[in-house]
Amino acid sequence: VSDLMDKVVSLCKRRGFIFPSAEIYGGFRSTYDYGPLGSLMLQKVKGAWWMDMVQKRRDVVPIDAAILSSPKIWEASGHLANFTDPLVDCRNCKERWRADHIDGVCPKCGSSDLTDARAFNMMFKTFVGPVEDAAAVAYLRPETAQGMFVNFKLVQQSLSLKPPFGIAQVGKSFRNEITPGNFVFRTREFEQMEMEYFVHPGEAVKWHEYWYGERYNWYLSLGIPKEMIRLRHHDKEELSHYSAGTVDVEFLFPWGWGELEGIANRTDYDLRAHMNASGEDLTYFDQTSGERYLPYVIEPAAGATRTMMAFLIAGYSEDEVAGEKRTLLRLHPRVAPYTVCVLPLSKKPELKEVAERIYGELSESFSVAYDDTQSIGKRYRRQDEIGTPFCVTVDFDTLTDGAVTVRDRDSTQQIRIPISELYDHISLRVRT
Ligand code: ATP
């Protein structure tokens, strides 16, 4: 079990996906930096979400709100009072833990001499401007969602939007987690992909069901195997203070089921709280029905970094090709760091010229790798290991038949395709 995790973590470092932050100084408190392949892949994960949740949807618009945010937002939203985790200290070894993550026993030294749990607020606090006083306090947002609520009216009016409609945002959030860990599953700085879908209160239940169905299917469409993903309904005691119903999309991590995304019916909790605190009227007037109401909100809230890690774990595999062991990442073409690698069979100038031309054309639409070092077999293995679904090889026949070989990562099968059809061929295979 942890063997798989070790292999993924090691591949991530070796091949430039994810590094411990400030590694040359010995790392820094469970923070991570995304290397060349990691930042490409994270971009792909966010891009796939954006494509399916924003670009393809006439009913969803995006925003990009500030990370540094007013204490008034978090006071009204309930985060200042409620966004806490129960913290306990071990009296024996002085280690600190989240009470609900341990079973009354310190995981480090085994002692059960623990302090009572106290509420620890997870928001990062800072000061804006040169004076560090109460008036200068700001918070790094612990979720992107409040950006959609406080801008609800401005967004709705700017585009004359009528419910049901959604406001979406992708960006960093910060939580002072007591026990970060399991690689990038839980970090203090992470990236979220969230959408707030504003609906008539009478339709909230229907839309909630619609969205958790959609979101479950999204992970399947990106190649997560059915047996590694499930929907879990929260029971009453587990619901957050704002929720009338939450369903999580969970993934089978090497240590067990863990949340990738929560789809909550947040009711009108947030809009009402901001309306009361700010004095702004946030109700919506439906001119057709003559009804004025405060919309309910259905929120699919996903983690981009955590989802990327799930793709890496689901995709990691080892097999044998022609008696030789290989490591490969079976990533869906939409989330693989590189979609294609172009490989001239040798460094001969005539091959190089064609290969560079193909690179130039494909890189207008795809992220493309280029590799002309070492044997072709070694180069295929390198691309398999980073999950590149297609390798395009330019050989001496190319100079006469104008065609190239396209090799499939998973089956290792090769087919011959005219260069003029390459773009269409790859586009089609990325989409299916
Ligand atoms: P958890 O119970 O795991 O702490 P949560 O229920 O508090 O998560 P939400 O507030 O619903 O999480 O946030 C939505 C999504 O953001 C989560 O499903 C997860 O993918 C991601 N996320 C939340 N906290 C972290 C974190 N510390 N590190 C990485 N991703 C996170």
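The values are calculated or read from the model by the stated rules, or taken from the named source; none is laboratory data. Predicted model only: the values in this text are computed from it and were never measured. Don't worry about glycine lacking a Cβ; one is built from the backbone with ideal geometry, like all the others, and counts go over all protein chains shown.
Of all residue pairs spaced 6 or more apart or on separate chains, those with beta-carbon atoms under 6 Å, a first member in the stretch 286-306 that is among the charged types (D, E, K, R) and a second member that is more than 9 Å from the ligand (Cβ to nearest atom) are R292/T283; R292/F285; E299/E196; E299/R266.
A search for C-beta distances below 7 Å between a residue of the stretch 209-225 that is over 20 Å from R330 (Cα atoms) and any residue that is of a type outside the set (S, T, Y) and surrounded by fewer than 16 Cβ atoms within 10 Å (Cβ to Cβ), counting only pairs 6+ apart in sequence or on different chains, returns Y212/L231. What helices (runs of 4 or more DSSP H), lying completely within the stretch 357-432, carry at least 2 residues that are without any contact (Cβ under 8 Å) to a residue 60 or more places away in the chain and surrounded by 20 or more Cβ atoms within 10 Å (Cβ to Cβ)? Of the helices (runs of 4 or more DSSP H) lying wholly inside the stretch 357-432, those with at least 2 residues that are without any contact (Cβ under 8 Å) to a residue 60 or more places away in the chain and surrounded by 20 or more Cβ atoms within 10 Å (Cβ to Cβ) span 376-385. M123 passes every criterion in (1) in the same structural domain as T307 (by TED's automatic domain parsing); (2) at pLDDT 95 or above; (3) assigned to a loop (DSSP other than H, G, I, E, B) apart from (1). Just one of the numbered conditions (1) of a type in the set (A, V, I, L, M, F, W, C); (2) more than 11 Å from the ligand (Cβ to nearest atom); (3) surrounded by 14 or more Cβ atoms within 10 Å (Cβ to Cβ) is not true of M193: (2).
Counting only residues that are of a type in the set (V, I, T) and surrounded by 11 or more Cβ atoms within 10 Å (Cβ to Cβ), the stretch 285-300 holds 2 of them.
Restricting attention to the stretch 203-248, the residues that are of a type outside the set (S, T, Y), at pLDDT below 95 and buried (at least 20 other Cβ atoms within 10 Å of the Cβ) add up to 0. The residues in the stretch 159-192 that are assigned to a strand (DSSP E or B) and under 15 Å from F149 (Cα atoms) can be counted, and the count is 6.
Taking only the stretch 66-93 into account, find how many residues are in a loop (DSSP other than H, G, I, E, B) and basic (K, R).
Final tally of qualifying residues: 1.
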